[in-house]
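Reading through the structure tokens given below for one structure.
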Amino acid sequence: NAYYYAKKNFSLPQFYFILTRFLVVFGLVAAIIFSNNILVIMVVYLGINALAAFLFWQRFSSTETLSGGSDPNLLGDGFKFPLARFIPELLNNVDMLAITHFLGLEALAIYVIAAKIPHAIKGFLKSIATTVFFPKFVFLNKENFIEKFKNIYLLLALVAGIVLLALILPLAILLLFGDSYKDSIFLAQLFLIAIPPFLLYEVVLVWLQAQ
């Protein structure tokens, strides 16, 4: 992906990304329908991703010729960006381990349900940032990038979207999980507040990678 992005060829990586997600969804649905074995489901998920990566590599190695030499800052940047991705992923899992240890499984169930819908929204926004915004950010300098954040209509739309989701969330949780987990509603609404700073972090990180 990084090679094609550096060449400003965004269509091919995005095609393989969409194709992989499409195959993963249909593969997992088929695995769940025909087998309830978690091992089979995991093998299908990993197998499809591995196959897509292999085909992408075959396409790359058969059509591209790499020249000698490299950017002297490449190794340093390669260390910083994975670290910026690793820390949030670590924090996303430490919380559940701590709740299980100190509060028990019942509290964990409430917490997981509360986080599920906001987490899905974050994942959707992250996929947009990495697949849609990245090509545009390559051509966006620092001044223009900062100017984008001064758009009052964009900020109002974001706030309005969060408020609307907060109002819909109680009904969604009751419909999906029932009255037994109504204690998770307030916690889920609190999680929604964390989406704007998360989105800001993600957009800035993607812009830095594009630059």
Paramagnetic reach from Asn151 in segment 166-206 [backbone N under 20 Å; point 7 Å along Cα→Cβ]: 195-206
For segment 93-210, what is the accessible area per residue in Å², given a 1.4 Å probe and the full set of protein chains? 64
Could you list, in their original order, any pairs among Lys116/Lys150; Lys126/Lys150; Lys116/Lys182; Lys116/Lys136 whose Cα atoms are separated by more than 23 Å? Lys116/Lys150; Lys116/Lys136
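The values are calculated or read from the model by the stated rules, or taken from the named source; none is laboratory data. Since this is a predicted model, take the numbers as computed values, not measurements. Glycine gets a Cβ as well: all are built from the backbone with ideal geometry, and neighbour counts include every protein chain shown. The protein model used for the area step is the full one, side chains on, heavy atoms only, and it has no ligands, DNA or RNA in it. Shrake-Rupley method; radii C 1.70, N 1.55, O 1.52, S 1.80 Å.
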